Amino acid sequence: MALTRLDKFLAEQGLASRKELKKLIKSGRVTVDGQPALRPEQKLDPENSQVRLDGEPLRYARHRYYMMDKPTGVLTATEDARQETVLDLVTPEMRRMGLFPVGRLDKDTSGLLLLTNDGDFAHRVLSPKSGVEKLYYAVVEGNPSQEDAEAFRKGLVLADGTVCLPAKMEPLGGGRCLVTVKEGKYHQVKRMLASRGTPVRQLRRLRIGGLELDGSLGPGNYRELEEADLCRLFNLKVM
Ligand code: URA
């Protein structure tokens, strides 16, 4: 296991800002393997060193995973000078963990959004090679038909020539449908439905892989994912 700096290790636990952590370390409240650790740059083995703050052990949890029910009207970004972002909806401790959204939901799209500080995980969820499905519920103008569903199955070609992977569209009647895609091109679902003459009025993501949006959350709320959720996400056997 690669060694890491003490201040970086503590920052990843979301304890305080780097500046605050420097003071905290210098005050002698942190010990590593029983010895007071007074230098922020001190190296430690994040998996095997025993780090304590005021005598309390800190668990090693470098990577964090959350699901949020993203509300409409909020940007999927880590920061923005003018507009509210999904990271403005979480606690300062979480912001300090270096969380970022996994992929993007448009400002006017709601639903399941994953937040993590694990780049490899994000890549695995998003890469079309991984084949992780994303399920959307759409309210559209007009009424998607079985003919439209067949066009989705074959792979749509969008107005600008973009070729989409085969996807699934299930008409629900009353100008509503479910769309399942395995890739995440810019405005993909909206452009797919528009290409069939049924432009989107409302879009909500309900599921990623085998992980469903927790219906008890409510707009703007979030919760940490458990191991079973991560297994569901990648359709692994849940222990
Ligand atoms: N497809 C879209 O068009 N918009 C989203 O926000 C997500 C998928």
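The values are calculated or read from the model by the stated rules, or taken from the named source; none is laboratory data. What you see is a predicted model; the values in this text were computed from it and never measured. Here Cβ is always computed from backbone atoms with ideal geometry, including for glycine, and neighbour counts include all displayed protein chains. Please note that ligands, DNA and RNA were not included when accessible areas were found on the heavy atoms of the full protein model with its side chains. Shrake-Rupley method; radii C 1.70, N 1.55, O 1.52, S 1.80 Å.
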Candidate set from segment 72-95 (those that are open to solvent by less than 60 Å² (accessible area, probe 1.4 Å) and in contact with a strand residue (DSSP E or B) (Cβ under 6 Å, 6 or more places away or on another chain)); member that is nearest to residue 13 (Cα to Cα): 86
Lone unmet requirement of (1) away from the ligand (no atom under 13 Å from the Cβ); (2) out of contact with any Lys or Arg (no Cβ under 7 Å at 6 or more places or on another chain); (3) open to solvent by 40 Å² or more (accessible area, probe 1.4 Å) for residue 149: (3)
Residues within segment 172-208 that are in a strand (DSSP E or B) and surrounded by fewer than 18 Cβ atoms within 10 Å (Cβ to Cβ), tallied: 8
Tabulated pairs, segment 40-58, first without any contact (Cβ under 8 Å) to a residue 60 or more places away in the chain, second surrounded by 10 or more Cβ atoms within 10 Å (Cβ to Cβ) and part of a strand (DSSP E or B), C-beta under 6 angstrom, 6+ apart or interchain: 41/5; 44/32; 46/4; 49/32; 51/32; 52/31; 53/30; 58/51
Count of segment 11-39 residues which are open to solvent by less than 20 Å² (accessible area, probe 1.4 Å) and touching a residue at least 40 places away in the same chain (Cβ under 8 Å): 3
From 107, 134, residue being within 16 Å of the ligand (Cβ to nearest atom), touching a residue at least 24 places away in the same chain (Cβ under 8 Å) and open to solvent by 70 Å² or more (accessible area, probe 1.4 Å): 107
